[in-house]
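To keep things clear, I will list the structure first and then write my remarks on it.
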Amino acid sequence: MKTLVYGSINIDMTYHIDHIVREGETITASSFSMGAGGKGANQAAALAKAGADVFLAGRTGSDACFIMDKLKGFKVDTSLVKVDEGPRSGKALIQVDKAGRNSIIVLPAANREQSDDDITHALGAFSKGDWLVLQNEVNGLAGLISMAKAKGMHVCINPSPLDEMIKELPLQDCDMIFVNEEEGAMLAGKGLGATTDEVIGALKAEYPGQVVILTLGKKGACHISREGVFFQDIIDYPVVDTTGAGDSFLGFYLASHQRGLAVEDCLYYASKASGIAVSRPGAMDAMPFREEVFPKD
Ligand code: RIB
């Protein structure tokens, strides 16, 4: 079974600051780092680190070659990534405060320039039973979902960053939907004041044919499906940087599912992986390897 992540590749420019900057304010950062990120690239890295057979497809610039090299080092197959000459890669401006919370601005650049031919070409290498993993940082999501479904592939989506366009997507054709509480509330048509139980109930009603995995920050995570709702408490690690925690969670959850593990185990290993990831700085660099998460075979 192969997994194709069709997704974004960003150069993450991270400023460590005391607090997230307020309107009209100028603040001094204590440090700066430039690293490998993008939700798609992070998901591919997490899946590979968790031991899955992963391919990344997308579009970037030659300024992101260091990210391609890093992904290859994690054993992600990057042969389906189109690399344009020049500084064409996506960029993320990230603030991380002293509690590890972040605030991110993304410039999509080449990530949002996938052509129909790029998509058809990438999906050509996959067939029934393979997985397609998506997020909302590339264009062409509706086409990707319907083409993958027509081939009999499984589709997993984290519709983040959430925008109005998401409501137009055939999410009922996806098998797994990963959302945080805020995204879950929006997808289920609930306001931000909704309680967790209300969000769970609304997601269950709105997506009866899907597995929805809701990450709840400090409250843990839960798996919502026809079979019921399973909760997993947070696995606590000291928080240094929460960037990419959701990507780490998704990668380890899906890799565990592909290994045939029970829902409770998938949730546990995904929570452990994201717990370890937030205890270290950066996005894909912070994600653990499988030996740190799974017991020895
Ligand atoms: O999910 C974290 C990622 O979101 C960062 O790596 C940044 O590039 C943005 O895409």
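The values are calculated or read from the model by the stated rules, or taken from the named source; none is laboratory data. Quick caveat: nothing in here was measured; it's all calculated off a predicted structure. Glycine also receives a Cβ, built like all others from the backbone with ideal geometry; neighbour counts cover every protein chain displayed. Areas reflect the complete protein model, heavy atoms only, side chains present, ligands, DNA and RNA absent. Shrake-Rupley method; radii C 1.70, N 1.55, O 1.52, S 1.80 Å.
If the condition is being within 11 Å of the ligand (Cβ to nearest atom) and in contact with a Ser or Thr (Cβ under 8 Å, 6 or more places away or on another chain), then the stretch 31-63 contributes 35, 37, 38, 39, 40, 41, 42, 46.
In this structure, is residue 45 aliphatic (A, V, I, L, M), touching a Phe, Trp or Tyr at 6+ places or on another chain (Cβ under 6 Å) and either in a loop (DSSP other than H, G, I, E, B) or open to solvent by less than 50 Å² (accessible area, probe 1.4 Å) (or both)? Yes; evaluated as a whole, the condition is true for this residue. For the residues 60, 28, the requirement of being closer than 25 Å to residue 95 by Cβ, open to solvent by 50 Å² or more (accessible area, probe 1.4 Å) and among the polar types (S, T, N, Q) singles out 28. Taking each residue of the stretch 213-242 that is closer than 26 Å to residue 281 by Cα and among the hydroxyl-bearing types (Ser, Thr, Tyr) and looking for partners that are open to solvent by 60 Å² or more (accessible area, probe 1.4 Å) and not in a strand (DSSP E or B) with beta-carbon atoms closer than 7 Å, six or more apart or interchain, yields 242/101. Please verify whether the stretch 17-34 includes one or more residues that are assigned to a strand (DSSP E or B), at pLDDT 95 or above and of a type in the set (Val, Ile, Thr). Checked against the condition, which is being assigned to a strand (DSSP E or B), at pLDDT 95 or above and of a type in the set (Val, Ile, Thr), the stretch 17-34 yields no hits at all. Screening residue 128 with (1) assigned to a loop (DSSP other than H, G, I, E, B); (2) within 17 Å of residue 54 (Cα to Cα); (3) in contact with a Ser or Thr (Cβ under 8 Å, 6 or more places away or on another chain) gives one miss only, at (3). Condition first: within 16 Å of the ligand (Cβ to nearest atom) and either touching a residue at least 12 places away in the same chain (Cβ under 8 Å) or over 17 Å from residue 201 (Cα atoms) (or both). Can you find one or more residues in the stretch 254-263 that meet it? Yes, the stretch 254-263 contains a residue that is within 16 Å of the ligand (Cβ to nearest atom) and either touching a residue at least 12 places away in the same chain (Cβ under 8 Å) or over 17 Å from residue 201 (Cα atoms) (or both).
Here is a yes/no grid of residues against (1) part of a strand (DSSP E or B); (2) of a type in the set (S, T, N, Q):
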{"residue": "83", "(1), (2)": "yes, no"}
{"residue": "88", "(1), (2)": "no, no"}
{"residue": "91", "(1), (2)": "yes, no"}
{"residue": "105", "(1), (2)": "yes, no"}
{"residue": "120", "(1), (2)": "no, yes"}
{"residue": "134", "(1), (2)": "yes, no"}
{"residue": "178", "(1), (2)": "yes, no"}
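Looking across 220, 228, one residue alone is closer than 27 Å to residue 276 by Cα, of a type in the set (Gly, Ala, Ser) and either open to solvent by less than 20 Å² (accessible area, probe 1.4 Å) or modelled with pLDDT of 95 or more (or both). It is 220. Restricted to the stretch 86-101, and to residues there that are open to solvent by 50 Å² or more (accessible area, probe 1.4 Å) and either hydrophobic (A, V, I, L, M, F, W, C) or out of contact with any strand residue (DSSP E or B) (no Cβ under 7 Å at 6 or more places or on another chain) (or both), the residue that is nearest to residue 14 (Cα to Cα) is 93.
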